[in-house]
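The values are calculated or read from the model by the stated rules, or taken from the named source; none is laboratory data. Not measured: the values here are computed from a predicted model. Please note: Cβ atoms are built from the backbone with ideal geometry, for glycine as well, and neighbour counts cover all protein chains shown.
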Amino acid sequence: MGSKIVGSGSYVPDKCVTNKDLERIVDTSDEWIVRRTGIRERHLLEADEDPSKMGIAAARAACADAEASPGVIDLFVVATNFPDMICPGSSPFIASGLGLDQVPFFDLKAGCSGFVYGLAVADGLIRAGMYRHILLLG
């Protein structure tokens, strides 16, 4: 059995800080930042937001894109370098927010490449016949 990506979703916080905003705070310029990083803006969490809330929104968007309810998910994997706290990771909070209380879940900690490793893990588990529908969040 092969695996495939059937949906994707994303979430970014509403609060946006541009390079022009940073010019007013520190000695820099839009041109300097863009030339070195390619970044023109970044989105920041508000005080009442946390990574789990972002993950829940992104996961719901992915399920909607896949035209699948969270009820078909039989494994949930979170690959992030930005959890709510060190222990436990974000997966139990996001799983609960999605109503995945009876679904196995785990956090995969692999830095910036975590999502790529998550894809490999999900693909291997599907090919092994252990799971059919894995929600990977990274």
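Considering only residues of the range 13-41 that are of a type in the set (A, V, I, L, M, F, W, C) and surrounded by 10 or more Cβ atoms within 10 Å (Cβ to Cβ), which is nearest to LYS53 (Cα to Cα)? So that I can check it myself, show each step before the final result.
First, the residues of the range 13-41 that are of a type in the set (A, V, I, L, M, F, W, C): 16-17, 22, 25-26, 32-34, 39.
When the remaining residues are screened for being surrounded by 10 or more Cβ atoms within 10 Å (Cβ to Cβ), the result is 16-17, 22, 32-34, 39.
Numbers: CYS16: 17, VAL17: 20, LEU22: 26, TRP32: 33, ILE33: 29, VAL34: 29, ILE39: 24 Å.
Residue satisfying both the conditions and the ranking: CYS16.
Restricting PHE82, PHE76 to residues that are in contact with a helix residue (DSSP H, G or I) (Cβ under 8 Å, 6 or more places away or on another chain) and either modelled with pLDDT of 95 or more or assigned to a helix (DSSP H, G or I) (or both) narrows the list to PHE76. Selection of the range 94-111 for residues being touching a residue at least 24 places away in the same chain (Cβ under 8 Å), assigned to a helix (DSSP H, G or I) and under 13 Å from the mean Cα position of the chain (by Cα) yields ILE94, GLY111. Please indicate, with yes or no, whether at least one residue in the range 112-122 is surrounded by fewer than 16 Cβ atoms within 10 Å (Cβ to Cβ) and part of a loop (DSSP other than H, G, I, E, B). There is no residue in the range 112-122 that is surrounded by fewer than 16 Cβ atoms within 10 Å (Cβ to Cβ) and part of a loop (DSSP other than H, G, I, E, B). Identify the residue in the range 123-138 that is touching a residue at least 40 places away in the same chain (Cβ under 8 Å) and part of a helix (DSSP H, G or I) and, among all such residues, is farthest from the chain's Cα centre (by Cα). Within the range 123-138, the match that is farthest from the chain's Cα centre (by Cα) is ARG127. Among residues of the range 10-32 being of a type outside the set (Ser, Thr, Tyr) and under 25 Å from the mean Cα position of the chain (by Cα), the one that is nearest to ALA66 (Cα to Cα) is VAL12.
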